[in-house]
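Take a look at the following structure, please.
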Amino acid sequence: MQTLLQFIRSQPVGGVLSKADWGNNDFLGVAARVYKPHSVICRQDDDDDRIFIVKSGWALLYRGLPSGERQIIDTPLGGDIVGFRSVDGPRFASLASITELAVYETSRKELVEAVLSEGRLGNKIACSLARLNAILAEHLVNVGRRNAMCRTAHFLLELDERLSKAGLSTHGRYECPLTQHELADILGLTTVHVNRTLRELRKADLVSFRAGHVEVINRKKLVNTAGFDGEYLK
């Protein structure tokens, strides 16, 4: 069974640090916890200090609104850190699984102590969090300034880049378990608008999204349509 130490050393967040580099942090020996599809791992406004590092699977990080609607903030994937905070307090967002989801759970105190005791670990985690911040900034631009065609194309290209790094996308083809309802909550559109936009993208021979499978048909034109620059993912 792969522990957090073994996993984090194999990911960009961990680089190639040796076991000695990580010091004697007991939490790094923890095994991943597996959640069934459509499980709520933590809820918005919960007062707990758990931090999650995704090992595998798909998840949703979302903010619930008083109206009962929600805005999906991100789709955390393998290696992503969720819930890192510098102070105690209620959670800003909920985390739920889409598929079977394996996550490493640790407390904020343990992770902060590890970061303070090992500079290189702190640098790796800082880089990971900076990347997450860049992703959230692009998602804000999506819902605030890009039209439906551009924001949908941009998000599908982002998923392609993120999944490619994990070996889960090949030549613009990848499995995507997101429903059109979930895409609507990510993109700030209605389900009907998402359905129409996906049809338009397919009709233009740019990208196809059918039965949980995405295929980028004409990447150059899709990138131009979205105004996509993947530098923020690096």
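Based on the Cβ-Cβ distance from S39 to L65, what FRET efficiency comes out when R0 is 25 Å, to the nearest 0.05?
FRET efficiency, S39 to L65: 0.70.
So which of K36/K203; K36/K234; K124/K234; K55/K220 end up more than 24 Å apart by C-alpha?
Long pairs (Cα-Cα over 24 Å): K36/K203; K36/K234; K55/K220.
Taking the Cα-to-Cβ direction at R145 and at K221 and moving 7 Å from each Cα, how far apart do the two end points lie in nm?
That separation, rounded to one decimal, is 2.6 nm.
Give the relative contact order (percent, whole number) for segment 191-234; include only Cα pairs under 8 Å separated by 6+ residues.
22
Per residue, how many Å² of accessible area does the chain show with a 1.4 Å probe?
Value returned for the chain: 51 Å² of accessible area per residue.
Taking H as built 1.01 Å from N, whose amide H comes closer than 5 Å to the amide H of C42, not counting residues under 5 places away?
So C42 has HN proximity to L95.
Oh, and also: Of the labelled options (1) 1.07; (2) 0.93; (3) 0.98, which one gives Rg/Rh (Cα atoms, Kirkwood Rh) as computed for this structure?
Structure-derived value, by its label: (3).
Could you give the Stokes-Einstein D for segment 99-234 in µm² per second, using the C-alpha Kirkwood radius, 37 °C, 0.692 mPa s?
199
Right, something else. Got a number for carbon plus sulfur as a percent of segment 151-234's accessible area, 1.4 Å probe?
Roughly 49 percent, rounded to a whole number.
The values are calculated or read from the model by the stated rules, or taken from the named source; none is laboratory data. Here the structure is a predicted model, which means the values were calculated and not measured. Reconstructed Cβ throughout: ideal geometry from the backbone, glycine too, with neighbour counts over all protein chains shown. Surface accessibility is based on the protein's heavy atoms, side chains included, excluding ligands, DNA and RNA. Shrake-Rupley method; radii C 1.70, N 1.55, O 1.52, S 1.80 Å.
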